[in-house]
Amino acid sequence: MRAVAITAESAPPTLIELDRPKPGAGEVLVRVKASSLNGFDVAVANGYLTGMMEHKYPVVLGKDFAGIVEDLGGGVTRFRLGDEVFGVVTESVLSSGSFAEYIVVNESASIYAIPDGTTMSDAGAIGLAGTAALDSIDAAKIEPLDVVLIVGATGGVGSLILQYAVEAKANVIATATPGIAAEFVTDLGAVATVNPEEDLAEQVIRLAPGGVDVIFHLAGDPSRLPLVLSERGRIISTLGYGADKHPLATAIMANPSQVTLAQLAADMAAERIGVAITDTFELDQLPEAITAFPDGTLGKHAINIA
Ligand SMILES: NC(=O)c1ccc[n+]([C@@H]2O[C@H](COP(=O)([O-])OP(=O)(O)OC[C@H]3O[C@@H](n4cnc5c(N)ncnc54)[C@H](OP(=O)(O)O)[C@@H]3O)[C@@H](O)[C@H]2O)c1
């Protein structure tokens, strides 16, 4: 099978041929049809996790997957051949990944049925970003009319948090540079935008003199964010800005449990959230796309695996 992997420490991501994996007891073989790029993949490709997580080379990149169950290991009860499934690769050792034509997943791991009416590409782009968004939203406990600031609203996680926050009847201020990015977040329901290239605190206080009730910190330096909090304000961060750094901050570590995937599936099916896919790559374009990813992302970059 074709896969995009790093074959040794410091090696660049490349398209390679690997043996198709076989499902063991309790595992399913998924023919991967779609995935998406996450910052995590870029971090692995750049060697940032060397020494932090065990690497078993070749390390196939990719966290998100959507595809079709093509083979079953012994004792599998949750899935049948032909089922359409999505999820997130959660193994603690880096080796197997979803930027490949096939992946083996334990049926008790992060895998769930794609709901009727949801496309493979949407299901393949929701896993990790959707989980981070939902876990952040759960932690935020937004109340109607809360003023919410999303720093990093233009990205994969931010664009989903924005939709959940609008649905919770919050007034959302989103970071976005003027033009396409500002239009993108306004279309998703932001009532105002602030330019991340200018003084954020100054712009936010002008828009919300009473302060912001919830700040989602998904990008940039958080050190000045507490300045714009309202009296009952709190900060939710996917970048490790937690209670050890500020008493009103909570750091989120996305946990793609089956309960969370079920919620994401239900929310996609009900069109409560949509995946904002702005670009799609084929497997052989991935090494280049991974290199280009940090240069500016709007929504999700999807991957089609034919
Ligand atoms: N803790 C967890 O479990 C977990 C899970 C998922 C993701 N994450 C992390 O959460 C972050 C967001 O994830 P993501 O998937 O949404 O990433 P993403 O798709 O790369 O989005 C980040 C967005 O933030 C924007 N941005 C960059 N610098 C900014 C700044 N100073 N102020 C405002 N906006 C800025 C980017 O715009 P430009 O590209 O135009 O600069 C981009 O649109 C990433 O760092 C990711 O690694 C953590």
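Each value in this text was obtained by applying a stated rule to the coordinates, not by laboratory testing. These numbers come from a predicted model, not from an experiment. Every residue, glycine among them, receives a Cβ derived from its backbone with ideal geometry; neighbour counts consider all protein chains shown.
What FRET efficiency comes out for L207 versus D279 if R0 is 25 angstrom and r is the Cβ-Cβ distance? Round to the nearest 0.05.
0.25
Which pairs in the list K169/K300; K245/K300; K33/K56 are over 27 Å apart, alpha-carbon to alpha-carbon?
K245/K300
Working out 0.36 nm times the residue gap between E271 and S230, then minus their Cα-Cα distance, what length gain in nm do you get to one decimal?
Length gained, E271 through S230: 11.6 nm.
Under a 10 Å cutoff between Cα atoms, tell me which one of A125, A265, A11 has the largest fluctuation in the Gaussian network model of the chain.
Comparing A125, A265, A11 in a Gaussian network model of the chain, the most mobile one is A11.
Need the full-extension length gain, M52 to T7, defined as separation in residues times 0.36 nm minus the C-alpha distance. One decimal, nm.
14.4 nm
Suppose every Lys and Arg Cβ carries +1 and every Asp and Glu Cβ carries -1, with no other charges. What dipole size does region 129-251 come out with about its Cα centre, to the nearest 20 debye?
On the way: 7 positive and 15 negative charges, 45 e Å.
It works out to roughly 220 debye.
Among L200, V32, P256, whose Cα lies farthest out toward the positive end of the dipole of the chain, if unit charges sit on the beta carbon of Lys, Arg (+1) and Asp, Glu (-1)?
The residue sitting farthest along the positive end of the dipole is P256.
Please check: in the Gaussian network model of the chain (C-alpha springs, under 10 Å), which one of D19, D284, D71 has the largest mean-square fluctuation.
Ranking D19, D284, D71 by mean-square fluctuation puts D19 first.
Let me have the relative contact order for the chain, percent, based on Cα pairs under 8 Å that are six or more residues apart.
Across the chain, relative contact order equals 20 percent.
Going by how many other beta carbons lie within 10 Å of each one, how would you line up S96, S237, S108, fewest first? Could you put the intermediate results ahead of the total?
Details: S96 20, S237 23, S108 11.
Ascending number of Cβ neighbours within 10 Å: S108, S96, S237.
Report the Cα centroid-to-centroid distance between region 100-115 and region 225-277 in angstrom, as an integer.
Measuring centre to centre over Cα atoms gives 24 Å.
Obtain the nm distance between the two label points defined at D19 and S223 by a simple spin-label model: each point lies 7 Å from its Cα along the Cα-to-C-beta direction.
Each label point lies 7 Å from its Cα, and together they span 5.2 nm.
Mean Kyte-Doolittle of at least 0.5 plus a Cα span of 24 Å or more along the axis: flag which DSSP H helices in the chain meet both, please.
120-140
Multiply the residue separation of E167 and T119 by 0.36 nm, subtract the distance between their alpha-carbon atoms, and state the gained length in nm to one decimal.
Working it through step by step, the gained length comes to 15.1 nm.
If you put +1 on each Lys and Arg Cβ and -1 on each Asp and Glu Cβ, how big is the dipole of the chain around its Cα centre, in Debye rounded to 20?
Approximately 480 debye in magnitude.
Report, in debye and to the nearest 20, how large the dipole of region 171-306 comes out about its Cα centre when Lys and Arg carry +1 and Asp and Glu carry -1 on their Cβ.
Dipole about the Cα centre, nearest 20: 600 debye.
Does a label point 7 Å from the Cα of E143, set along Cα-to-beta-carbon, have any residues of region 232-273 with amide nitrogen under 13 Å, and which are they?
Output list for this probe position: 232-234.
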